[in-house]
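Below you will find the structure I want to go over with you.
The values are calculated or read from the model by the stated rules, or taken from the named source; none is laboratory data. If you're wondering where the values come from, they're calculated on a predicted model, not measured in any experiment. Glycine also receives a Cβ, built like all others from the backbone with ideal geometry; neighbour counts cover every protein chain displayed. The protein model used for the area step is the full one, side chains on, heavy atoms only, and it has no ligands, DNA or RNA in it. Shrake-Rupley method; radii C 1.70, N 1.55, O 1.52, S 1.80 Å.
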Amino acid sequence: MKHSLLYCLAATSLALSFFFERAPEASVMARASLAPVVAEASLLPALTIGKPATEPRDFGNPPATRPTAAELAASRDSLTYHYYAQTLGLHLAFDENKDLLRMVTDWIGTPYSYGSNSRKGTDCSGFVTRVFHEVYGINLIHSSRAMFSNTKRVAKSEMETGDLVFFRRGKGPIYHVGIYLKDGKFAHSACNGGVMVSSLNQPYYHRNFYAAGRVPAAVAADAAALEEAATALASATE
């Protein structure tokens, strides 16, 4: 009888020690699972705009408000542009083609491979053809010289996001092409580093810059995308 009582007490003590040892761990896990939610909530606009909330508030405090769908969309849009601006090293006006910026960002670091245009490897014109096909639905010829022949010349001072920039050495043929972004920077696939963002002010590219060209169909696609975005925003605010 005495031994049975001791066994029961020992079992009870072991169960209690297991519970109190595990309980803090469960609390930590619960807090950790909430971290992404708290982080996301901290990025939303301040809840002092939008539609009034229906929940009761403490006396003496202003009523709580909820952000509208348009405000939430604008907040996410702003975060997206900030991410691309930081990743690509640009000062964005928040009206650039997000699909273009996303595509360039996704391809950064792709190795150089002559004659190819895949994520495993691409040359300069291959990179441009993939971007224009996936962003604008335009099929360009896989050749920097052919691209030059099928673009509209624009002055260097009037270049816009999405224009093409061409390079040649002295009076030689065009040998390199990239996509102009902003702030004198362009995206391209270089033989000494793959897909990257470089500056036209770098001595090598400044010396060999030849001309800038615009693809009219891309301009039309950008205009259509802006109109569609404006329509969607107007619908969200109704």
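Can you give me the distance in nm between label points at Ala93 and Thr68, each placed 7 Å from the Cα along the Cα-to-Cβ direction?
2.5
Using modelled backbone amide H atoms (1.01 Å from N, in-plane), which distant-in-sequence or interchain residues come within less than 5 Å of His176's amide H?
Phe167
Mind jotting down a quarter of the surface of the convex hull over the alpha carbons of region 109-183, in square nanometres, one decimal?
Working: hull surface 22.6 nm².
Average of the hull's projected areas for region 109-183 equals 5.6 nm².
Only sites in a loop by DSSP and with at most 15 other Cβ atoms within 10 Å count here; which trypsin sites (Lys or Arg not before Pro) in region 72-129 make the cut? Display every interim value, and only then the final one.
Values: sites: Arg76, Lys98, Arg102, Arg119, Lys120; in loops: Arg119, Lys120.
For trypsin sites (Lys or Arg not before Pro) across region 72-129 that sit outside H, G, I, E and B with at most 15 neighbouring Cβ atoms in 10 Å, the list reads Arg119, Lys120.
Residue by residue, what Karplus-based ³J(HN,Hα) values in Hz, rounded to whole numbers, does region 111-128 have, using 6.51, -1.76 and 1.60 with θ = phi - 60° and x for Gly and Pro?
Along region 111-128, the couplings run x, 7, 8, 4, x, 10, 8, 10, 5, 7, x, 8, 9, 5, 6, x, 4, 5 Hz.
Find the accessible area per residue for region 78-187; the probe is 1.4 Å, ligands and nucleic acids are left out, and the unit is Å².
Working: 5440 Å² over 110 residues.
That works out to 49 Å² per residue.
Going through region 136-200, which trypsin sites (Lys or Arg not before Pro) have at most 15 other Cβ atoms within 10 Å and a DSSP loop state?
Values: sites: Arg145, Lys152, Arg153, Lys156, Arg168, Arg169, Lys171, Lys182, Lys185; in loops: Arg169, Lys171, Lys182.
Sites meeting the loop and neighbour criteria: Arg169, Lys171.
Among Lys98/Lys185; Lys152/Lys185; Lys98/Lys171; Lys120/Lys152, which pairs are too far apart, with a Cα-Cα distance over 28 Å? Numbers along the way, then the final one.
Details: Lys98/Lys185 16 Å; Lys152/Lys185 20 Å; Lys98/Lys171 36 Å; Lys120/Lys152 31 Å.
Beyond 28 Å: Lys98/Lys171; Lys120/Lys152.
Right, next: Take the solvent-accessible surface of the protein heavy atoms, probe 1.4 Å, and return the percent of it on region 101-220 that carbon and sulfur atoms account for.
Working: 2860 of 5710 Å².
Using a 1.4 Å probe with all protein chains present, region 101-220 comes out at 50 percent carbon and sulfur.
Using R₀ = 22 Å, calculate the FRET efficiency as 1/(1 + (r/R₀)^6) where r is the Cβ-Cβ separation of His82 and Ala220; round to 0.05.
Working: r = 28 Å, r/R0 = 1.27.
Rounded to the nearest 0.05, the efficiency is 0.20.
Then there is this: Just to check I understand the Karplus step: with θ = phi - 60° and J = 6.51 cos²θ - 1.76 cosθ + 1.60, what whole-Hz values come out for region 174-182, glycine and proline as x?
Once rounded to whole Hz, the list reads 5, 10, 8, 9, x, 10, 6, 9, 6.
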